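Derivation of every value follows stated rules applied to the coordinates shown; laboratory data play no part. This structure is a prediction, so every number in the text was calculated from the model and none was measured. In this analysis, Cβ positions are derived from the backbone assuming ideal geometry, glycine residues included, and neighbour counts consider all displayed protein chains.
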Amino acid sequence: MYEKQTSHLLTNTCAFLFQMTREQYILATQQNSLPRTEHPQFYPVGIYGWRKRCLYFFVLLLLVTMIVNLAMTIWILKVMNFTVDGMGNLRVTKKGIRLEGISEFLLPLYVKEIHSRKDSPLVLQSDRNVTVNARNHMGQLTGQLTVGADAVEAQCKRFEVRASEGGKVLFSADEDEIVIGADRLKVTGTEGAVFGHSVETPHIRAEPSQDLKLESPTRSLVMEAPRGVQVNAAAGDLKATCRKELHLQSTEGEIFLDADTIRLGNLPVGSFSSSSSSSSSSPSSSAPRQTIYELCACPNGKLYLSPAGAGSTCQSSSNICLWS
């Protein structure tokens with residue numbers, strides 16, 4: 001603005017001087033064309049009167065404008081901290097641009113690489129969210145990372161987390177699958193891990209001195225394997241509890257129970273009598289206590305106990321088999 005005012009004043013001054021010189025030249029030419037008298041008149045040459053005062057005024061105004069312009073330029077250079085290397089906290093180096101301290105960007109920033117100094121971290125801060133976009137050569141969005149107040153969202157074709165040493169993939173996710181490449185997956189929540197669909201894994205193991213519990217509160221729990229399912233308790237008990245029936249089924253093989261002692265508790269006890277309708281109540285208190293029983297099976301496969309005798313005491317007409 002000050003440079004425009006200075007140029008305008010110079011233009012006006014030059015035009016004024018040109019007009020004055022032209023008038024003097026015309027006046028001198030007219031005097032030479034007149035016939036000379038015996039006593040020639042001399043006219044003073046120069047700038048006099050109000051024209052001289054106007055010229056001095058314009059020169060003084062131009063000088064003041066130049067001084068003010070120079071002072072404003074020096075003040076701007078001092079406030080903005082202009083140096084040979086840059087301006088303020090901005091330094092221009094051979095490798096790029098370096099910013100010292102906190103920097104605020106009001107418009108989008110397009111850079112190839114951003115890194116902090118070796119002795120300080122890099123902090124990206126925003127009052128709402130921080131969004132990092134990646135685009136291809138056509139300007140199309142190929143990846144986006146948004147850090148907001150409620151969630152951290154990543155939008156891309158494939159998301160990977162790699163180890164700092166070796167570059168091993170620790171976690172990767174895409175539209176088809178999610179891969180966890182860590183040596184061990186640890187779930188510390190009180191409710192455990194909840195899976196909405198099937199789970200495929202070669203090994204499920206609890207931590208040392210901790211129990212392993214597989215539970216389906218409202219539906220069934222199915223474990224399948226084409227070559228067998230093995231459940232092993234090396235230093236403890238194996239317990240299977242259900243509310244209704246417990247089915248052990250082998251379609252082509254056999255069910256093998258191998259133990260020093262096999263106990264079948266709470267089996268119904270039948271009573272032996274010569275009649276076909278034997279009572280299912282316990283032996284009378286007056287009779288000697290029965291300690292040996294015979295294991296019997298109904299035609300439908302139900303097991304029950306019958307007091308042992310000299311021969312077999314299993315009766316197929318027992319009420320236990322009739323009502324089973």
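Each of Arg98 and Ala151 was given a label point 7 Å from its Cα along the Cα-to-Cβ line. The distance between the two points is 4.2 nm. Take every Cα pair under 8 Å whose residues are at least 6 apart in sequence, average their separation, divide by the length of the range 52-158, and the relative contact order is 10 percent.
Can you give me the relative contact order of the range 144-225 as a percent, contacts being Cα pairs under 8 Å and 6 or more apart? Walk me through the intermediate numbers first.
Working: 57 pairs, mean separation 10.0, N = 82.
Dividing the mean separation by the residue count of the range 144-225 yields 12 percent.
Lysines within cross-link reach of Lys95: Cα-Cα under 17 Å, excluding same-chain residues under 8 positions apart? Within reach: Lys112, Lys118. Placing pseudo-labels 7 Å out from each Cα toward the beta carbon at Val111 and Met66 gives an inter-label distance of 4.4 nm. Pairs of C-alpha atoms in the range 148-282 farther apart than 26 Å represent 54 percent of all such pairs. When the range 109-187 is described by a simple charge dipole with +1 on each Lys and Arg Cβ and -1 on each Asp and Glu Cβ, the residue from Ser120, Ala173, Ala154 located farthest towards its positive end is Ser120.
Can you tell me which of 299-305, 229-235, 126-132 comes out highest on packing, and rank the rest after it, using the mean Cβ neighbours within 10 Å?
Details: 299-305: 12.6, 229-235: 6.1, 126-132: 10.1.
Final packing ranking: 299-305, 126-132, 229-235.
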